[in-house]
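Where a number appears in this text, it was derived from the coordinates with a stated rule and is not lab data. From a predicted model like this one, the values you see are computed outputs, not experimental measurements. All Cβ positions, glycine included, derive from the backbone under ideal geometry; neighbour counts span all protein chains shown.
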Amino acid sequence: MGFLDKFKKQASAKQEENKLSWEESIQALNEDRITLQEFININADHPLFYSTPAGENKDGKMVLWLVNIPKLNMNFYPAFLSADFCRKSLSEAGRRNFMIIEGTLESALSSLDSSPALKQAGLIIQEERGRLTIPPGMRVVH
């Protein structure tokens, strides 16, 4: 086994460890064993995939890409647990010419501080099995 193979195996094991930690913390959150703030702090370094908040729609117009949830009367900046699901979701939503950014939960939340329109948005983390919404103003607390 070469060095690159060892590195890939370690990276794969680390991804599996992160995934397990994420799933365990989701379960703890759903069972009210931890608060949303504790969940955010525990998973601050968890990898997330997202794109720039502004981009072209299928008609070539620049728009702010937020998910509106009428039931909550809030807008959310979308982030995803996998690059593939991010690409698929943004394409299906009609977004053109986008790049996928690999960051963390902390960097995705921090990106909401980049403009006044985003400061009022929450973060929605989407995966194929469901979603998790984080209300506006919540950040990692060190």
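Extending 7 Å from the Cα toward the beta-carbon at both Met138 and Ser110 defines two label points whose distance is 1.9 nm. Restricting the trypsin sites (Lys or Arg not before Pro) of segment 63-123 to loop positions (DSSP other than H, G, I, E, B) with no more than 12 neighbouring Cβ atoms within 10 Å leaves Lys71. Rounded to the nearest 0.05, what FRET efficiency do Ser21 and Arg87 give with R0 = 30 Å and r taken as the Cβ-Cβ distance? Could you check? Here the calculated transfer efficiency is 0.80. Close Lys pairs in the chain, defined as Cα atoms under 29 Å apart and 8 or more places apart or on different chains, number 18. Considering helices alone, the calculated mean residue ellipticity of the chain at 222 nm is -12000 deg cm²/dmol, with DSSP H runs of length four and up weighted by -39500 (n - 2.57) and normalised per residue. If you wrap the tightest convex hull around every Cα atom of the chain and split its volume per residue, you get 138 Å³. Run the simple label-point estimate for Leu64 and Ala44 please: 7 Å along Cα→C-beta, distance reported in nm. Placing both labels 7 Å along Cα→Cβ, they lie 2.7 nm apart. Once the C-beta distance of Ala28 and Ala54 is scaled by a Förster radius of 41 Å, the resulting FRET efficiency is 0.75 to the nearest 0.05.
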